[in-house]
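See structure below.
The values are calculated or read from the model by the stated rules, or taken from the named source; none is laboratory data. Being a predicted model, the structure only gives us computed values, none of them experimental. Note that we place each Cβ from the backbone using ideal geometry, even for glycine, and neighbour counts take in every protein chain shown. In case anyone asks, the SASA skips ligands and DNA or RNA and just uses the protein heavy atoms, side chains included. Shrake-Rupley method; radii C 1.70, N 1.55, O 1.52, S 1.80 Å.
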Amino acid sequence: DGCSVLMLASKNNEAKMSESLINAGADLNLVDEDGDSALHLAIIHEADISLIQILIEAGANLNLKNRFGRTPLIAALFSGHERGCLALIEHGAEVNEKYGSGETPLSIAAKGGLKQVCQALIEHGADANAKDWDDRT
C-alpha cells in the first residue's frame, strides 16, 4: 500500500523504532496511497503521545492533507485522540483549516464533546464564528 518502514513503525506504535529511522534520515513526510504520512498513521492508529511528539519534534508537516483532505489534526479529531489534538495544536497545526462541508477543527471538536480541545483551539486562534457550507457555526 505504499507504506515506508517509518509509516509501518508509526502505524504499529513503535516509538523507539520510529526515532531510529528518523535519525537515520527517513522521510517524515512521505505519504502512502491515501496520502497519509507517518504522523497521520500514528494519529489514526491511536499511537502513544510519545510517538506523536517524536514525529512532531522531528519536523513532520502538521498541515499535510491526505487525499481526503484530512490534516493530522482533523484525523486526530475524528479518532477522538485528545492528547494528539492538543500536541498538534500546541505545536502550530492550522486551527482554522476547513474540512469536508466546511467544518472547522473547532466545530468537529465541539460535536465530539472534546472540551479541552475546544479550549485549546480557541486559545490558539480558532474562529468561533466560522461558518460551514450550511451557514452553521
Surface accessible to a 1.4 Å probe, His45 within the full protein complex, Å²: 90
Low-density loop GluC sites (Glu not before Pro), the range 1-78, at most 12 other Cβ within 10 Å, DSSP non-H/G/I/E/B, are Glu33
Given springs between every Cα pair under 10 Å in a Gaussian network model of the chain, which of Ser79, Ser50, Ser101 has the largest fluctuation? Ser101
Roughly speaking, to the nearest percent, how much of the chain's 1.4 Å accessible area is carbon and sulfur? 46
In the list [x] 40, 31, 11; [y] 27, 15, 11; [z] 42, 17, 10, the entry giving semi-axes √(5λ) of the Cα gyration tensor in Å computed from the coordinates is [y]
Local electrostatic count, Gly35, Cβ distance below 11 Å [Lys/Arg +1, Asp/Glu -1]: -1
When all protein chains stay in place, what accessible area (Å², nearest 10, 1.4 Å probe) is found for Cys118? 20
So, counting K/R as plus one and D/E as minus one, what does the shell of residues with Cβ under 12 Å around Ser50 add up to? -2
Give me the accessible area of Arg70, 1.4 Å probe, in Å² rounded to the nearest 10. 80
